[in-house]
Amino acid sequence: MRRGELYRVARPTSRDPKKYRVFVVVSRQALMATGYSTVICAPVYSSYHGLITQVPLDIEEGLTHPSSIHCDDLVSLPKSALTDFIGVLSSVKIDELNEALKVALDIPD
């Protein structure tokens, strides 16, 4: 498991109306190498509102339709739930994700 990978997760939360949701792993790589059982992920939604905290995605990332990563809705998921690998973000998309996370978490440059 690596930062920037996309996974389809079945029923990730009780409040999610979807049967499956795609998530992007955003935890630091050092955390994934430990015995810690969860990782921080950002959900992928089919909606895109043009917010600076959203990163647009397309079929190049392994998705079936245009979508976006929503960095204002981070969740902690068990590593064991991340089994249905979809793809990995390009270095350009990782850079966009980093910028969106800085804004979402109010981290100064």
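Miscellaneous remarks
- Of all residue pairs spaced 6 or more apart or on separate chains, those with beta-carbon atoms under 6 Å, a first member in segment 22-33 that is touching a residue at least 40 places away in the same chain (Cβ under 8 Å) and a second member that is among the β-branched types (Val, Ile, Thr) and crowded, with 24+ Cβ neighbours inside 10 Å are Val24/Ile69.
- Selection within segment 1-13 - modelled with pLDDT of 80 or more, surrounded by 11 or more Cβ atoms within 10 Å (Cβ to Cβ) and farther than 19 Å from Ile59 by Cβ: Met1, Arg3, Val9, Ala10
- Restricting attention to segment 48-76 and to residues that are in a loop (DSSP other than H, G, I, E, B) and more than 15 Å from Ala100 (Cβ to Cβ), the residue that is modelled with the highest pLDDT turns out to be Pro66.
Results for (1) more than 16 Å from Tyr20 (Cβ to Cβ); (2) loosely packed, with under 15 Cβ neighbours inside 10 Å; (3) in contact with a Lys or Arg (Cβ under 6 Å, 6 or more places away or on another chain); (4) not aromatic (Phe, Trp, Tyr), shown as yes or no for each residue.
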| residue | (1), (2), (3), (4) |
| --- | --- |
| Val55 | yes, no, no, yes |
| Gly62 | no, no, no, yes |
| Leu77 | no, no, no, yes |
| Asp84 | no, yes, yes, yes |
| Glu96 | yes, no, no, yes |
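- Restricting segment 14-35 to residues that are hydroxyl-bearing (Ser, Thr, Tyr) and exposed (fewer than 11 other Cβ atoms within 10 Å of the Cβ) leaves a set whose member that is nearest to Asp95 (Cα to Cα) is Thr34.
Residues checked against (1) within 10 Å of the chain's Cα centre (by Cα); (2) closer than 25 Å to Asp106 by Cβ:
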site	(1), (2)
Met1	no, no
Glu5	yes, no
Ala10	no, no
Val24	yes, yes
Met32	no, yes
Val39	no, yes
Val44	yes, yes
His49	no, yes
Gln54	no, yes
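- Hey, Ser67 among the polar types (S, T, N, Q) and either surrounded by fewer than 21 Cβ atoms within 10 Å (Cβ to Cβ) or within 21 Å of Leu105 (Cα to Cα) (or both) or not: no
The values are calculated or read from the model by the stated rules, or taken from the named source; none is laboratory data. Please read all numbers here as calculations on a predicted model, not as lab measurements. Please note: Cβ atoms are built from the backbone with ideal geometry, for glycine as well, and neighbour counts cover all protein chains shown.
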